[in-house]
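Participant: Have a look at the structure that comes next, please.
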Amino acid sequence: MQSLIQVEDLRKHYLGRRVLGSGEAVSALNGVSFSAAPGRTLALVGESGSGKSTLALCLAGLERPASGRIWFGGRDIVMLNERQLREVRPEIQLVFQDPASSLNPRFTALEIVAEPLLVQRSGGRSEKRDQALALLERVGLSREMASRKIGEFSGGQRQRLAIARALTLAPQLLILDEALSALDCSVQAQIANLLMELQSSLALTYLFITHDLAMAAQLGDEIAVIDRGRIVEQGVPENVLCTPEHEATRRLVAAIWGSNFTPRLPRPF
């Protein structure tokens with residue numbers, strides 16, 4: 001199957017600071033390569049500081065990598081200028097862990113979902129409103145909630161709102177950066193089921209980023225383990241969980257079942 005997105009030898013460095021003297025380069029991504037097939041979920045798993053969020057920002061065109069290639073829709077988006085990137089960004093959308101930090105608290109739910117249409121100058125006022133209301137209902141938020149501001153929503157409702165906004169411009173790829181980790185278990189299950197339903201009905205491709213290997217196994221068609229800016233192991237959930245090959249993967253497995261674990265897959269939601 002042809003890939004929707006293909007990443008080749010991606011590298012990203014930041015300038016660190018020393019207590020004394022000049023700064024030095026810190027590698028966040030150190031030669032990352034992977035691909036994701038259309039309509040499937042690739043779960044990217046790693047500990048804090050492994051490079052997960054930096055990778056998400058590079059894929060979304062919000063950070064420029066130092067080198068490497070990101071092929072999307074037949075184009076290397078690393079080579080695009082800012083004007084060209086603006087054409088691609090609607091196709092790749094991000095959903096963050098904390099919606100409150102990425103959504104305007106002064107906007108109503110309707111305004112939050114409709115804003116991307118205003119930025120893209122897509123459709124008339126009535127059309128924007130109808131589309132935003134339909135998306136709110138699609139993610140399980142009633143029309144009566146459209147006039148509420150984000151402070152009036154629960155954590156799960158906020159994440160539904162963030163998903164609705166991400167879907168406004170009909171993207172092909174949704175990057176979910178720890179999108180379930182701040183929710184309690186019952187709400188996680190509800191949002192996970194919503195994501196699976198949306199993927200099935202809209203043919204979405206997901207890059208599901210998490211530190212939780214069990215959650216990755218529940219949602220991912222394939223798992224890629226990232227450690228110190230590199231993909232160190234990749235495969236179907238059964239193989240990654242039951243026969244982990246890399247030390248970083250074994251640490252993630254031990255976090256689920258302890259060091260003396262019996263290999264088994266977690267229950268689906």
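Just so it is clear, none of the values below were taken in a lab; they were calculated from the coordinates. Fair warning: this is a prediction, and the values are worked out from it, not measured in the lab. Cβ sites come from the backbone with ideal geometry, for glycine too, and all protein chains shown count toward neighbours.
Participant: As I understand it, the value is the acute angle between the Cα axis of helix 155-167 and the longest principal axis of the Cα atoms of the chain; what does it come to in degrees, rounded to 10?
Facilitator: 80 degrees
Participant: Hey, another quick one. Cα to Cα, under 22 Å, and not fewer than 8 places away if on the same chain: which lysines meet these conditions relative to K128?
Facilitator: The reachable lysines, counting only those whose Cα sits under 22 Å from K128, are K149.
Participant: Separate question: Quick query: amide H of I231 versus all other amide H atoms, modeled in the peptide plane; which residues come in under 5 Å with a sequence gap of 5 or more or a different chain?
Facilitator: Close amide H contacts, sequence-distant or interchain: S33.
Participant: In degrees between 0 and 90, to the nearest 10, how far off the longest principal axis of the chain does helix 109-119 point, with axes built from Cα atoms?
Facilitator: That works out to roughly 80 degrees.
Participant: HN-Hα J couplings of the range 194-206 from phi, Karplus 6.51/-1.76/1.60, θ = phi - 60°, integer Hz, Gly and Pro as x?
Facilitator: 4, 4, 5, 5, 5, 4, 5, 7, 10, 6, 7, 9, 10
Participant: Give, in nm to one decimal, the length gained when the segment between L62 and D221 is fully stretched (0.36 nm per residue of separation minus the Cα-Cα distance).
Facilitator: 54.6 nm
Participant: Label point 7 Å out from L202 along Cα-to-Cβ: which residues of the range 153-194 have amide N under 13 Å?
Facilitator: 160-176, 194
Participant: Positive end of the charge dipole of the range 143-269 (Lys, Arg +1 and Asp, Glu -1 on Cβ, about the Cα centre): tell me which of L183, A224, G235 has its Cα farthest that way.
Facilitator: L183
Participant: Translational D (Stokes-Einstein, µm²/s) of the chain at 37 °C and 0.692 mPa s when Rh comes from the Kirkwood sum over C-alpha pairs?
Facilitator: 168 µm²/s
Participant: Now a separate question. Whose amide H sits under 5 Å from the amide H of L44, counting only residues 5 or more places off or on another chain, with H placed in the peptide plane?
Facilitator: F208, I209, T210, A224
Participant: Evaluate the range 125-231: find the radius of gyration of its Cα atoms, find its Kirkwood radius, and give the ratio Rg to Rh.
Facilitator: 1.00
Participant: Please identify, among K149, K12, K52, the residue showing maximal mean-square fluctuation in a Gaussian network model of the chain using a 10 angstrom Cα cutoff.
Facilitator: Ranking K149, K12, K52 by mean-square fluctuation puts K149 first.
Participant: Please enumerate, by chain and number, the lysines with C-alpha under 21 Å from the C-alpha of K12, excluding those fewer than 8 residues away in the same chain.
Facilitator: Counting by Cα, and skipping residues close in sequence, K12 has these lysines nearby: K52.
Participant: To continue, here is another question. What does the C-alpha gyration tensor say about the overall shape of the range 78-161? Classify as rounded when a/c is under 1.5, otherwise prolate if a/b is larger than b/c, or oblate.
Facilitator: oblate
Participant: Continuing with the same structure: Which angle from 0 to 90°, rounded to the nearest 10, does the C-alpha axis of helix 247-257 make with the longest principal axis of the chain?
Facilitator: Computed tilt is about 60 degrees.
Participant: Now for a different question. In whole Hz, what ³J(HN,Hα) sequence does the range 71-83 give by Karplus (6.51, -1.76, 1.60; θ = phi - 60°), x for Gly and Pro?
Facilitator: 8, 9, x, x, 10, 8, 6, 5, 8, 7, 7, 4, 5
Participant: Quick one: 3J(HN,Hα) in Hz for the range 130-135, Karplus 6.51/-1.76/1.60 with θ = phi - 60°, rounded, Gly and Pro as x.
Facilitator: These are the phi-based 3J(HN,Hα) values: 4, 5, 5, 5, 5, 5 Hz.
Participant: Can you compute the modelled spin-label distance between R83 and L15, with each label point 7 Å from Cα toward Cβ, in nm?
Facilitator: Label at R83, label at L15, 2.9 nm between them.
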